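K.L.:
Questions regarding the structure given below will be posed in turn.
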Amino acid sequence: TYSPAITDPLAGTMPVPANTCGSGSNPGLVAGHRVPGTYPTALSVSGTVIFDPGVYVLCNGISFASNANATGSGVFFYLPAGTVSFSGQANITLAAPGSGSYKGVLFWQAGTSTMTISGGTTVNTYAGIIYAPNATVNITGGAGSSIGAIIAKAISVSGNSDNIF
């Protein structure tokens, strides 16, 4: 009754980003911009934030608050641990790098923590692959999401939205 597992098309194709996860504080917000680098503590995104192009190592996860208006092009987020969550009222437009080691990949959830994408009143755009080979990706809510692709251990879709993959 169940289909056989599909081979992970990205397994072993990307290098694990160098990181210095440990104690310390996150790089600060500079004129509304987040800069690439290592974020040792969980990152909470609220208000208007622009993610500058590059690699973000989010040691303990990231959450987008209901008032978040986040944009970024050429961004790659690597999570060795922690969760990823998007509030239903956040307005998100993120795009993966167009070249380099992480071409086409937006999020890499390396651990087993669940990733939750909630659609509220706006259609959010995740232009790239959400890669969570050991985790579940939950997509919920009222508005849709536009997602390049999802590679995950499991995918759960609920709510009354139209999601575009």
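K.L.:
Among Gly22, Gly54, Gly12, which one shows the highest mean-square fluctuation when the chain is modelled as a Gaussian network with alpha-carbon springs under 10 Å?
P.N.:
It is Gly12.
K.L.:
Taking all protein chains in place and a 1.4 Å probe, what share, in percent, of the accessible surface of the chain do carbon and sulfur account for?
P.N.:
Carbon-and-sulfur percentage of accessible area, whole number: 54.
K.L.:
Now for a separate question. Remind me, relative contact order of the stretch 24-150 in percent, using alpha carbon pairs under 8 angstrom and six or more residues apart?
P.N.:
Rounded, it is 18 percent for the stretch 24-150.
K.L.:
Which label marks the calculated value of Rg and Dmax of the Cα atoms in Å, given the options [x] 22.4, 88; [y] 15.1, 54; [z] 15.9, 51?
P.N.:
Computing Rg and Dmax of the Cα atoms in Å and matching it to [x] 22.4, 88; [y] 15.1, 54; [z] 15.9, 51 gives [y].
K.L.:
Between Ser158 and His33, how many nm apart are label points set 7 Å from Cα along the C-beta direction?
P.N.:
Each label point lies 7 Å from its Cα, and together they span 4.1 nm.
K.L.:
While we're looking at this one, here's another question. Among DSSP beta bridges whose residues both lie in the stretch 1-69, state the antiparallel percentage, nearest 5.
P.N.:
The antiparallel fraction comes to roughly 10 percent.
The values are calculated or read from the model by the stated rules, or taken from the named source; none is laboratory data. Treat the numbers as computed from the prediction; the structure is a model and nothing was measured. Glycine gets a Cβ as well: all are built from the backbone with ideal geometry, and neighbour counts include every protein chain shown. With ligands, DNA and RNA removed, areas are computed over all heavy atoms of the protein, side chains included. Shrake-Rupley method; radii C 1.70, N 1.55, O 1.52, S 1.80 Å.
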